[in-house]
Structure formats: structure tokens, C-alpha cells
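Asks: This structure is in C-alpha cells; I'll ask about it shortly.
The values are calculated or read from the model by the stated rules, or taken from the named source; none is laboratory data. Small disclaimer: the values here were computed from a predicted structure and weren't measured. Reconstructed Cβ throughout: ideal geometry from the backbone, glycine too, with neighbour counts over all protein chains shown.
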Protein chains: 2
Amino acid sequence: MPGDRTSILVETTRRLLRRGATANLRKMINKTHAADISALFRHLSASHQSFLFAMIESPQTRGLILSELDENAMKRIAEQMPVSEMVEALHDLPNDDVADIIGRLPAEQAEAILQAMNDEESQEVEGLLGYDDETAGGIMTPEFVAVSQEATAQESIESLRKEHLDVEMPFYLYVVDENGRLVGVSSLRQLVLEAPERPIKEFMNTDIVSVRTDMDQEEVARLVARYDILAVPVVDSDNVLKGIVTVDDVIDIIREEATEDIFKMAGVGDEFVENQTVMRSARIRLPWLFASWIGGMMAALVVGGFAETLEKVAYLAAFMPVIAGMGGNVGTQSSTIVVRGLAMGRIHLADLWKIVGKQLAVGVILGAFYGLLVGTVAKVSFGQANMAIAVALGMLASMSIASLMGSLFPLIFTRLNIDPAVATGPFVTTATDVVSVFFYFSIATALLGI
Amino acid sequence: MPGDRTSILVETTRRLLRRGATANLRKMINKTHAADISALFRHLSASHQSFLFAMIESPQTRGLILSELDENAMKRIAEQMPVSEMVEALHDLPNDDVADIIGRLPAEQAEAILQAMNDEESQEVEGLLGYDDETAGGIMTPEFVAVSQEATAQESIESLRKEHLDVEMPFYLYVVDENGRLVGVSSLRQLVLEAPERPIKEFMNTDIVSVRTDMDQEEVARLVARYDILAVPVVDSDNVLKGIVTVDDVIDIIREEATEDIFKMAGVGDEFVENQTVMRSARIRLPWLFASWIGGMMAALVVGGFAETLEKVAYLAAFMPVIAGMGGNVGTQSSTIVVRGLAMGRIHLADLWKIVGKQLAVGVILGAFYGLLVGTVAKVSFGQANMAIAVALGMLASMSIASLMGSLFPLIFTRLNIDPAVATGPFVTTATDVVSVFFYFSIATALLGI
């Protein structure tokens, strides 16, 4: 439904833009949810984006759209806005989103906006700007409900009524000691159910899952997903509560990280840039292809080394694509299983040899099956038993080694603290190409007695 | 951290199992979080799983573990449990999870468990079993907080205290009319902040995002992610409120769907089966490779058709792997961008020709760059201008056509209502192999005047 809804919205908007139906556009855009507007903007030109954005009356909606747009679109629109309008638009946005936006703006504009904000807001935002983007500190919001461990259930509810009106999603109440250190957690629901005069420290939960400000966002996301929690508290090295990471941000991270993995495996950068220019896309993809290029040149050298064999038995060339191709595909299968297994926490480095051994076994079985098949075809086509055996063994070698490399590379990369997703795609298929061709021609040269 | 934590837990458990330290194991397992135990179980043999499971004292923990285990492990353990123990373990679990478990058990055991449950629970579970697994109905929980539109803020809080103690995450209160139709939504937070005597219909939110029971789970997940909501109400065709889908289930779906897409693209089935046997893995991967096999045989036929050319210029074979390989990788890049763009709702079918045109343009640019590079290498190596031009044009043709096919196939598959993820991987690389080889040899044959 969100997809269909966007399609309809895009088509309607384009039609109204063509007709110049400004009044209708204004009416429509002011009735549309911010999340839908930012989806719509991805399909419009920069000038149409600015034209529509200027029509939006609610500062809250403007802020939400800014927080959901792609970086470039956000910067382009924000740079055209006066400081006062920016401050208004950002005012109701959670401060983690405000920090994300301000951190991406030119220093001068960012400074001007921070100065025009009220002190509490600008201090919180500046605090957040100090953390690395992809850590718990970088994604947390400093707006949470903290109560003293001496408070009663009733007092806690009162404090919620009076002090914490700006908190985004107050489902957990964090209990802190006099130094701000996290000592327990309770929920709004629990407060409502307890006797009003009961002190919170008597019924709070002290078995808390918390994360440090410097934990990688991907680990934070995995933790929230595993324990099915709605928000996780973020503490510094002294266990002082600094903020919380909420589940809506975790969903975005999980989607982003999955996309990042998929794109890295295919060698197309690490984010979705397809709403940008052809030249930019080509520039991002060009270097990733260089690994294939190097591998291809090595394969050319290998084939060149067997020129004599090839001149005598030109038909050997006919089976090169299938042997290299099947090897490449089996290698991709193995590396995908390992990379995704690592990302999902289903595979662990400690089991390295067990995993690689298993992938090798699978490769040998698949190689034997398809080797037999290709050998039979070769025998039927050319009648030469030696040729058939060479082709069959070439397939077996290619698929076995591809499976081995496809599983081993990502695990080794992980051990070396390199992202395993980078190890697959171009890398594995290319290495497979070179090795398959080499084994195939070596076996053929030996068997055919050239 | 969850990964590391699991590694340590796995190693400790294995050591204690080897030593036969039953008392220590019992102590450890009863102190471990259910989510961690199910992660641990993936690394243990079936008999060790049963051995440890029997040591767990808390029925709640047992239920949670059953709900998080892989299907086969869950069935194996559940089948060994007496009906009374199963009922106890399932009692505190949300009913959507109970239905998932019971729906997977043998009919006889499922029936026995349902009969031993209390009536309210078994009716709810049986209701859920009627929905398709992968729809909103199949993933919703029927435990939600619904209040009458005539109730006041105070009465709503009271009803929460008295009636809805079993509701998993009561952050939203749904307001229904006398026929159970959804008319509004409010939050616990809003209730706490409003004047106690104010009727809920005066301050409830009537602009509700809801889904129908038959909506696909992937669309539900996309909707929850887009609008940053914690739970979405599920209604039937008469707008009667049937249940809610909570954000924790959405996270699981997003992870599963991403994994499914990644695996389909690589041609390794659609779920993670690597904790199973070698033979099972090989059997799942074997048919997916058949597409490559067919393509490989076609490529062999093509090369065979150019045997004359090859016998005269054996060196042509040297550039076959790099031309087919670069084409395959560019094709994979394009198809990955399109498949993931579709999944993320960033690409729409309506823009088909714009998308394909852009991918073709990128392919031509990349093909021109690497064609020039490979042509230069060929010229330097062999000195023959015609040979160099043939190789360069072959590369240009291969990469352009691969980019075109890589983007066109998934879009056509989508239009035909076939999952586009299936269209990539083996399919695109194989088609590319055949077409690249054909163009390369055709161009060479023409240019070299053979």
C-alpha cells in the first residue's frame, strides 16, 4: 500500500504541476502526511521540490520532511530557508533528528541556527553533535523520562505531566541516583497499576539492558531486535544516563544496514543513489568494477599461457563460460550465506573451519553433479572420452574451489576487521574466474597430452 | 555485543557439556535471557538442546524460547513435551506467537493443546489460525486495549487497570463504536495528561493509519516503518478492530524480508538453512544453479558456432572471461539497484523506461571506459588494431546489454507479479554470459574478416 499510495501521489502531483494548478497543489500538499511528502519528493525535480515545500504551512510538517529527505535534497531546501523558518521547523522535531540535520548543513548556517534556538535545545543538539554519527551516541535522543529513585508512583506520574511534555515516546521511565547514574527502569503502565504512594525503587526493574554511547549503531539495532524492547538507554563510561535509542530509529537502521550489505555485495557503493545523475552513478560503480577488471586480466594471462592447448583443441573454449559461470554462482551463494549469517548473528567466527568445511562439502557435491552432467554433454557432442573427463573435472574443481573461497574470504575479512560484505560480489566471482580457468586448462592439457 | 555474548555463551556451554557439569549448566541456563538461549541453541546438537531445555524451570522462559527457535528445533522439542507443560509454557506468550507455534505442530498435538487451554485463550488462538501466515491477520495479536467512545479519560485508565493486564504493550488505546468499528486512537500518555472527566471522543485522534487483515506482511512492515508508529490496528472489511501488529514483530519481518531478498538474489533458497545438513543445503542450491547451467550450455553452443574464428585467432579466447565477467558484474549491479529500490519503495513501475534508460546510459559509460582499457591492453599485447577494436567493442556491447537486461528483467518480473529478487543472480549473469559471448565473437569475426 505505501508503494501504491506513493505512485498515485506522484502521478497526481505531476499532473497538477503540468497544469499549473497551484491552488489544488497547495490544498493537496497540506493534507498529505510528511512521510508521504518526502517519498513524493524523491520523484520530483529540485525546482518542483522547492516550489512545493514553500507551500507547506505547518512548521512541524516542514521539520519532519527535512528529517526524512535524502541528504542532498535536504541541504538544497534548507539552504534556501531563512534562519527563523529553520528554527521554527526544527522546534518540534526530536533533538536527535535536529542534530542530524544541523550536522549536515554548512558550518555558517548551522552556527546561525544554533544561536537562534533557545538555550536548552541548542545545548542538547550541540551535545549530540559531539558523537560519531554511526554510534549509539549519534542516534540517541537526549529527551527521556528520568525520575529519582526516591520518588513514588504518584510523583513519577506527576513529573511526567509537568516536566516531560516534549518526550517523544514515554513508555519507559528511567530511574537514576543522585549522580544521574542509571539504576532501574519502570514503565508508564507499571506506574498506573501500582499503588500511588509506593516508592519506585521498590518495584522498578533493575535487570537493565543498556548500551554505551560509543557502541556501533548496528549492534544497538541487533540488541533491540533480539530483546524486543521499545527503547534502550544509552550511558557513558560512568553509567550516567545520556539518552535513549528508540525503536523507530532502529527500524531505519536495520533497513539501511540490509541495503548497505546488499549494495556492497553487488559492488554498487553503500547507499541508494539512483535518484541522482547518470554520471554520479557511473562514477560510484566504476571503481568497484576494477576488481573484476584485474581478475579478468589475470584470467586473460592464464588463458594466454594455454594458447598452444587452445589452438589444438579450440572446442575447449566452448566450455569455458559454463565452468567459470557455475563456479562464480556457487561462490556467490556461499559468500552470501556467510555474509548474511554473520550479519544476522547466526554464524560465528569461532566456527570458521566447520563453516568452510561444510561449504566445501556442498561445493564438491554440486560440482560432482554438474561435472557429470557437463561431461556427459561433452562426450555426446565430441565423442572423445579424455575431453569429457577434462571438462567434468574442470567443473568439479571450479565449483569446489569457488565454494571454499566464497566462504573463506568473508570470514577472513571479518577476522581482519574488514566488512565481509565487501569481500563478496566482484571479489569472489573474479577470483573464481581466474582459478577455474587455470584448473580447467591444466587438467585438459594433462589429460589430452598436449 | 549480542554476537560476542552468544560466542561466549556457546563456548561456556560446550565446555560444561563436555565436563558433564550438570549443576553448573542448570544454574547458568536459568540465569540466561530466553533470547540468548534460543541463539545458543542454534549452535548445539538436537540432543543437547533437549537436555538443556528440560533444565529450564520458568514456564515463561520455555514459552519464549519455543517462540524464537527455528521451526524444526521447536517442533522437535515441543513433541517431547506433555500437553500440560506445553499449555503452561504458552500461557504467558502473546497469542500471535502461540498461534504460530500451534500452527506448526502435528494436528493431533495441536488439538490436544487447544482443548487443554482456557476457553478465551483457545478461541483467540483458533481465530488467528484462520489467517494466512504472511498477512496482517497472521501476524497480529488480538490482545489490545479497546475502549468505548463514550468513556472518559479516567474510566479508560481504570479499564486499563482492571481488564487489560494481559496486553503486551499498551501504548495506544483504540476507541471503538458500539459495533466494534475503529473510530479513533489515543495514547496512555494522552490519558494521563488530559483532565480525568473529559470524554475520550473529544481528544482522540481520528486520523488513523490502519491495515486490513489480508494485507501482505511486507506492506504492513513498510507502513509501520514509514510512519514511525509503534503498533498498527488491523481491521476487517467492515472496519471492525480485530487486532494490532506491534513494532517488535515488524522488526523481525524487515530482517526476514531483507534476508529473503538477499538469498533469492544469490539463488540460495529463501531462508537461512545453514544450521542444517550438507545434503539439505546442496539440495536447495542445486535447482537454482540450473538456470546458469542452461545459460552455460547456450554459451557453449554460441562459442562452438564460432569454432572457425577461434581456430584462426586462439587469442580471442583470452578475453572471453573478462568480457563475460565484467558484463555479469555490471548486470548484477543494475539488477540489485532495481530489486532493492523496488523493495524499499524508491523505484516505481510507472517509471520503467526512465529507470531502464538510465541504467543503459550508465552501462554505456562504464562499457566505453573499460572497453577503451581492454582495447589498449589488446593493442599493446598483440599489436593488431582490428583485434583491439573487436575486444573493445565486445566489452562495450557486453556491459551495455548487461545493464539493460539487469534493470529490465526485474521490472518485467514485477509487472508479471513474479518476485523480482528471483530475476537477478543466476538469471541475469547467465543471460549476460550468452549475449556477451555472442556479440564479442560476431564483432571479432566481422572485423578480422574471417
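Asks: Based on what the data block shows, is B:THR206 polar (S, T, N, Q), free of Cβ contacts under 8 Å to residues at least 24 places away in the same chain and out of contact with any Leu (no Cβ under 7 Å at 6 or more places or on another chain)?
Replies: yes
Asks: Find the residue count for segment B:324-341, including only residues that are of a type outside the set (S, T, N, Q) and within 8 Å of chain A (Cβ to nearest Cβ).
Replies: Qualifying residue count for the region: 8.
Asks: Those residues that are surrounded by fewer than 24 Cβ atoms within 10 Å (Cβ to Cβ) and in contact with a Leu (Cβ under 7 Å, 6 or more places away or on another chain), I need them from segment A:318-354; list them, please. Quick ask: steps written out before the conclusion?
Replies: First, the residues of segment A:318-354 that are surrounded by fewer than 24 Cβ atoms within 10 Å (Cβ to Cβ): A:341-346, A:348-354.
Within segment A:318-354, A:LEU349, A:LEU352 qualify.
Asks: Tell me which residues, restricted to segment B:309-323, are more than 7 Å from chain A (Cβ to nearest Cβ) and at pLDDT below 85.
Replies: B:LYS312, B:VAL313
Asks: Quick check on segment A:184-202: of everything there that is surrounded by fewer than 17 Cβ atoms within 10 Å (Cβ to Cβ) and without any contact (Cβ under 8 Å) to a residue 40 or more places away in the chain, which residue is nearest to A:VAL235 (Cα to Cα)?
Replies: A:GLU202
Asks: Still on this structure, please answer the following. What is the residue count in segment B:421-448 for residues that are out of contact with any Phe, Trp or Tyr (no Cβ under 8 Å at 6 or more places or on another chain), at pLDDT below 85 and assigned to a helix (DSSP H, G or I)?
Replies: 3
Asks: Filter segment B:222-254 for residues that are part of a loop (DSSP other than H, G, I, E, B) and aliphatic (A, V, I, L, M) and give the result.
Replies: At the first step, the residues of segment B:222-254 found to be part of a loop (DSSP other than H, G, I, E, B) are B:228-230, B:236-239.
Listed by number, the residues that qualify are B:ILE229, B:LEU230.
Asks: Applying the selection to segment B:262-281, what residues are in a helix (DSSP H, G or I) and either modelled with pLDDT of 85 or more or more than 7 Å from chain A (Cβ to nearest Cβ) (or both)?
Replies: B:LYS264, B:MET265, B:MET279, B:ARG280
Asks: Mind checking which residues of segment B:23-33 are out of contact with any Asp or Glu (no Cβ under 7 Å at 6 or more places or on another chain) and in contact (Cβ under 8 Å) with a residue 12 or more places away in the chain?
Replies: Residues of segment B:23-33 that are out of contact with any Asp or Glu (no Cβ under 7 Å at 6 or more places or on another chain), as a first pass: B:23-29, B:31-33.
Across segment B:23-33, the qualifying residues are B:LEU25, B:ARG26, B:MET28, B:ILE29, B:THR32.
Asks: Tell me, which residue of segment B:21-41 that is β-branched (Val, Ile, Thr) and in a helix (DSSP H, G or I) is nearest to the other protein chains (Cβ to nearest Cβ)?
Replies: This residue is B:ILE37.
Asks: Give segment A:75-93 a look and list any residue that's modelled with pLDDT under 90 and either crowded, with 19+ Cβ neighbours inside 10 Å or small (Gly, Ala, Ser) (or both), or say none.
Replies: Answer for segment A:75-93, where residues must be modelled with pLDDT under 90 and either crowded, with 19+ Cβ neighbours inside 10 Å or small (Gly, Ala, Ser) (or both): just A:LEU93.
Asks: Another question about this same structure. Regarding segment A:94-117, can at least one residue be identified that is of a type in the set (A, V, I, L, M, F, W, C), more than 14 Å from chain B (Cβ to nearest Cβ), surrounded by 20 or more Cβ atoms within 10 Å (Cβ to Cβ) and part of a loop (DSSP other than H, G, I, E, B)?
Replies: Yes, because at least one residue in segment A:94-117 is of a type in the set (A, V, I, L, M, F, W, C), more than 14 Å from chain B (Cβ to nearest Cβ), surrounded by 20 or more Cβ atoms within 10 Å (Cβ to Cβ) and part of a loop (DSSP other than H, G, I, E, B).
Asks: Please verify whether B:GLU257 is part of a helix (DSSP H, G or I) and either assigned by TED's automatic domain parsing to the domain that holds B:PHE427 or touching a residue at least 60 places away in the same chain (Cβ under 8 Å) (or both), treating the condition exactly as stated.
Replies: Answer is yes for this residue.
Rundown of residues vs (1) within 14 Å of chain A (Cβ to nearest Cβ); (2) within 26 Å of the chain's Cα centre (by Cα); (3) not acidic (Asp, Glu), yes/no style:
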| position | (1), (2), (3) |
| --- | --- |
| B:THR13 | yes, no, yes |
| B:ARG19 | no, no, yes |
| B:HIS43 | yes, yes, yes |
| B:GLU68 | yes, yes, no |
| B:MET74 | no, yes, yes |
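Asks: Okay, next question. Taking the conditions exactly as written (crowded, with 16+ Cβ neighbours inside 10 Å, of a type in the set (S, T, N, Q) and more than 40 Å from the chain's Cα centre (by Cα)), does A:SER381 satisfy them or not?
Replies: Judged against the criteria, A:SER381 is a match.
Asks: Another question, then. Can you find a residue that is at positive phi, out of contact with any strand residue (DSSP E or B) (no Cβ under 8 Å at 6 or more places or on another chain), within 12 Å of chain A (Cβ to nearest Cβ) and surrounded by fewer than 22 Cβ atoms within 10 Å (Cβ to Cβ) anywhere in segment B:221-236? If you could, list the steps in order and put the result at the bottom.
Replies: Filtering segment B:221-236 for residues at positive phi gives B:228.
Imposing the further condition that a residue be out of contact with any strand residue (DSSP E or B) (no Cβ under 8 Å at 6 or more places or on another chain) reduces the set to B:228.
Filter once more, keeping what is within 12 Å of chain A (Cβ to nearest Cβ): B:228.
Filter once more, so that each one left must be surrounded by fewer than 22 Cβ atoms within 10 Å (Cβ to Cβ): B:228.
The answer is yes, given that some residue of segment B:221-236 is at positive phi, out of contact with any strand residue (DSSP E or B) (no Cβ under 8 Å at 6 or more places or on another chain), within 12 Å of chain A (Cβ to nearest Cβ) and surrounded by fewer than 22 Cβ atoms within 10 Å (Cβ to Cβ).
Asks: Condition first: over 21 Å from A:ILE262 (Cβ atoms), in contact with a Lys or Arg (Cβ under 8 Å, 6 or more places away or on another chain) and either in a helix (DSSP H, G or I) or modelled with pLDDT under 90 (or both). Can you find one or more residues in segment A:390-402 that meet it?
Replies: No - not one qualifying residue is present in segment A:390-402.
Asks: Next up: Restricting to segment A:42-81, give me the number of residues that are closer than 23 Å to A:PRO94 by Cα and in a helix (DSSP H, G or I).
Replies: Number satisfying all stated conditions: 20.
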